[in-house]
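S.K.: I have a structure I would like to understand better, so I am pasting it below and will then ask my questions one at a time.
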Amino acid sequence: MNDRKKITVTAALCVFFTFTLIIGTVFSAGNRSEREQSGALLSHFPKDKITSITIQSGDQSVALTVSADSLTVDYDGTAAAADKTAVDEFFETVAGLPRGKKITSNEERYNDFGVADGASEISVRMTAADAEEWNLLIGKTTADGKRYVRAEGDSVVYETDDPGWTLYTRRSHWVKLALFDDPSVSAEIQSVIVKGTSPTDGETFDYTLMKTAGESDGTLIWKAEGHEEALDTVKIDSFLRQITELRGADLIVPPVGLTSETAAVTIVLGFRDGSKQTLCISSDPAGEDRYGVTLAGSDREYAVSRYALGNLLKPLENFFRAEEK
């Protein structure tokens, strides 16, 4: 064999062995293990077929009912409308939950990691339309913020990322707690009427704020009824955002029937298109340091913290420019 042929054969063998080495590396046990760990814990999870979810943590329980045209969360026997976004995000989280690092398959050690049957830190039970169940046993938190988890029926305990399991155990997580769907409507407000007595500190309010054209150049400015001086635009804008960004700490179910007639304080918002909305604040506590709040005409009432209301209910003097007080 001449030198040229020898070189050709040698090069071909090098290519063959290099290719073999690459293939062996890709499909080695270590890489196979990594692929298995990154796979979904609940393979073939039928998120579109789940009809009920029950999440248990100690003596705290959340129960949801899911159907094509209805999403509800149980509030002490009353079905409250659940937030579709929260439910969809939950299903995406569960469907994509990776196995993570394999810890043990020794049943005698399940209690050490908080994933024993009937004794897990958190249990997530999901039932499909065909009555098939998909259950997760969520265990203790690791030092670096991960969680031990086991799928019921699977002997292996995994250590994987915590997507916020504690949050899912809160009933209030599953409902819409924002009073306004679009907080940016604060820019459309042209007038505000505040009347009543604050349930938090007894202060009385009775004033009207109006957006009007200035006398010099016609620029829109805010004034208070009965006062000639312009108000502080920055303070007004902040006040309006606080109203439209207001969120409840929880939903009041069943609602107590709060209306503008029974409210301790009403805040009437007038919009650019001529429409109005009235924020109603109850005089009665709705839990510890919380008060009922609703938009008149809405079927949803919210428990809002004393702190949030304290930031919202400001005296008229608060809106004047510092040098004009």
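Bear in mind these aren't lab numbers, they're just calculated from the coordinates by the rules spelled out. What you see is a predicted model, and the numbers here were worked out from it, not measured in a lab. Cβ: placed from backbone, ideal geometry, glycine included. Neighbour counts: every protein chain shown.
S.K.: Any chance you could give the angle, 0 to 90 degrees and rounded to 10, that helix 29-38 forms with the longest Cα principal axis of the chain?
M.R.: Its long axis makes an angle of about 20 degrees.
S.K.: A further question on this structure: Test of understanding: what is the full-extension gain from Glu132 to Phe320, defined as 0.36 nm times their sequence separation minus their Cα-Cα distance? Don't skip to the end; give the middle numbers.
M.R.: Numbers: separation 188, 0.36 × 188 = 67.68 nm, distance 6.34 nm.
Extra length from Glu132 to Phe320 when fully extended: 61.3 nm.
S.K.: Evaluate E = 1/(1 + (r/R0)^6) for Asp289 and Asp162, where r is the Cβ-Cβ distance and R0 equals 30 Å; express this FRET efficiency to the nearest 0.05. Show your work: numbers first, answer last.
M.R.: On the way: r = 29 Å, r/R0 = 0.98.
Step by step, r from the Cβ atoms, then E = 0.55.
S.K.: Determine which residues of the stretch 84-109 fall in the zone a paramagnetic label at Asp182 would reach in this model, i.e. backbone nitrogen under 20 Å from the point 7 Å along Cα→Cβ.
M.R.: 84-85
S.K.: In terms of modelled amide H atoms, which long-range or inter-chain residues lie less than 5 Å from the amide H of Asp162?
M.R.: Arg147
S.K.: Something else about it: So what's the angle, to the nearest 10 degrees on a 0 to 90 scale, between helix 233-244 and the longest Cα principal axis of the chain?
M.R.: In the chain, helix 233-244 runs at an angle near 60 degrees to the longest axis.
S.K.: Cut-off is 10 Å between beta-carbons; in what order do Ser184, Ser61 appear when sorted fewest neighbours first?
M.R.: Values: Ser184 10, Ser61 13.
Least to most surrounded, the residues fall as Ser184, Ser61.
S.K.: Counting other beta carbons within 10 Å of each residue's own, what order do His44, His227 fall into, fewest first? Write out the running numbers ahead of the final one.
M.R.: Working: His44 7, His227 14.
Fewest to most other Cβ atoms nearby, the residues stand as His44, His227.
S.K.: I want the local charge near Gly153. Using Cβ-Cβ distances under 13 Å, sum +1 for each Lys or Arg and -1 for each Asp or Glu among the other residues. Could you put the intermediate results ahead of the total?
M.R.: Numbers: positive: Arg125, Arg150; negative: Glu107, Asp117, Glu132, Glu133, Glu152, Asp154.
Counting the neighbours of Gly153, the net charge comes to -4.
S.K.: Neighbour counts of other C-beta atoms within 10 Å: give me Met126, Met210 arranged from fewest to most. Numbers along the way, then the final one.
M.R.: Numbers: Met126 25, Met210 15.
Listed from fewest to most nearby Cβ atoms, that is Met210, Met126.
S.K.: Quick one: helix 3-26 against the long Cα principal axis of the chain, what's the angle to the nearest 10°, folded into 0 to 90?
M.R.: 50 degrees
S.K.: For the stretch 183-324, what is Rg from Cα atoms divided by 2.2 N^0.38 Å, rounded to two decimals? Display every interim value, and only then the final one.
M.R.: Details: Rg = 15.4 Å, N = 142, 2.2 N^0.38 = 14.5 Å.
In units of the globular-protein estimate, the stretch 183-324 measures up at 1.07.
S.K.: In debye to the nearest 20, how big a dipole does the chain give about its Cα centre with +1 on each Lys and Arg Cβ and -1 on each Asp and Glu Cβ?
M.R.: Working: 34 positive and 51 negative charges, 341 e Å.
For the chain, the charge dipole is close to 1640 debye.
S.K.: Sequence-distant or interchain residues sharing an amide H contact under 5 Å with Gln190, placed H: which?
M.R.: Close amide H contacts, sequence-distant or interchain: Gly270, Phe271, Arg272.
S.K.: Starting from a Cα-only point model with no solvent, please compute log10 I(q)/I(0) by Debye for the chain at q = 0.10 1/Å.
M.R.: For the chain, the Cα-only Debye profile gives -0.76.
S.K.: Provide the net charge surrounding Pro199, with neighbours chosen by a C-beta distance below 13 Å and charges set as Lys +1, Arg +1, Asp -1, Glu -1. The partial results should precede the final answer.
M.R.: Values: positive: Arg290, Arg306; negative: Asp201, Glu203, Asp284, Asp289.
Around Pro199, the surrounding residues sum to -2.
S.K.: Still on this structure, I have one more. Once both labels are modelled 7 Å past Cα along the beta-carbon direction, what's the Ala143-Asn311 spacing in nm?
M.R.: The answer from the label model is 3.7 nm.
S.K.: Among residues other than Glu121 whose Cβ falls under 9 Å from its Cβ, what is the net charge (Lys/Arg +1, Asp/Glu -1)?
M.R.: Working: positive: Lys140, Arg147; negative: none.
Neighbourhood net charge equals +2.
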